[in-house]
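Below: one structure, written as structure tokens.
A short reminder: the numbers here are calculations on the coordinates, not readings from a lab. All figures in this text were calculated on a predicted structure; none of them were measured in a lab. Here the Cβ positions follow ideal geometry from the backbone for every residue, glycine too, while neighbour counts run over all protein chains shown.
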Amino acid sequence: MTRRATGTTTAEGKAISSQNARRHGLSAEPAADLVAAWFNVILDNEGDAYEDPSADDPRREAALRLAIVEARYQRALYMNDAHQLQTLSSQQVLNNLALELRDLLWSVEALPDDEPADPDDLENLKVGAILIKYLEVQVPRERRLYKRYLGEARAQRRKALKAWCAFNLDENLNSRNELELPL
């Protein structure tokens, strides 16, 4: 029986891999004001009844968990839909680079036959072609990453929502740790 890889083992590799999630921020804690807003929506607090999120009792704890996962889900949903429009996304960089290279190629092709192309333009075309190959790999990878986080957020949301519903139906009053439902 062969042993499968379990990840990096060196301190340097662990330090690098520990920073993987910082690239996009999807696994970061949601903003406290967003959690507070969802917490109050879940508890149906309006106007003067607005309260700070707390886990004082099991019901508020379940509401807080649901508020946190709902904020994460909304962030993942937004990022999945809008990441292509962000300025520094791989897709936007690829689009902008393709336009610049197209314009540069047209300017080189428009030169008279007896006039040689600028060596810098030719070098830029070569580098641009290499970057496009790299970005064509990065764009689908980025899409898969956002879809994966959306799927994870959706699963956490479904679990927290089931727990919240079960708690409010008095089916799960003693399970404070995970508030899991019996299947």
Exposed loop trypsin sites (Lys or Arg not before Pro) only (DSSP loop, at most 15 other Cβ atoms within 10 Å): please give the longest stretch of the chain free of them, not including the sites. 5-175
Förster-model FRET efficiency, 35 Å R0, LEU34 and LEU88, C-beta, rounded to 0.05: 0.95
For peptides 37-43, 76-82, 6-12, 51-57, sequence by mean Cβ density within 10 Å, most packed first: 37-43, 76-82, 51-57, 6-12
Per DSSP H run of at least 4 residues, take -39500 (n - 2.57); add these up for the chain, divide by its residues and hand me the 222 nm value, nearest 500 deg cm²/dmol. -21500 deg cm²/dmol
Can you give the extra length, in nm with one decimal, that the chain gains between ASP103 and GLU152 once fully stretched, where that is 0.36 nm per residue apart less the Cα-Cα distance? 13.5 nm
ASP48 to ALA5: extension gain in nm, 0.36 nm per residue of separation minus the Cα-Cα distance? 10.0 nm
Cα-based Rg of the stretch 1-97 normalised by 2.2 N^0.38 Å, two decimals: 1.55
All alpha-carbon distances of the chain, grouped into 5 Å bins from 0, give the whole-percent distribution 1, 7, 11, 11, 11, 11, 10, 9, 8, 6, 5, 4, 3, 2, 1, 1, 0, 0
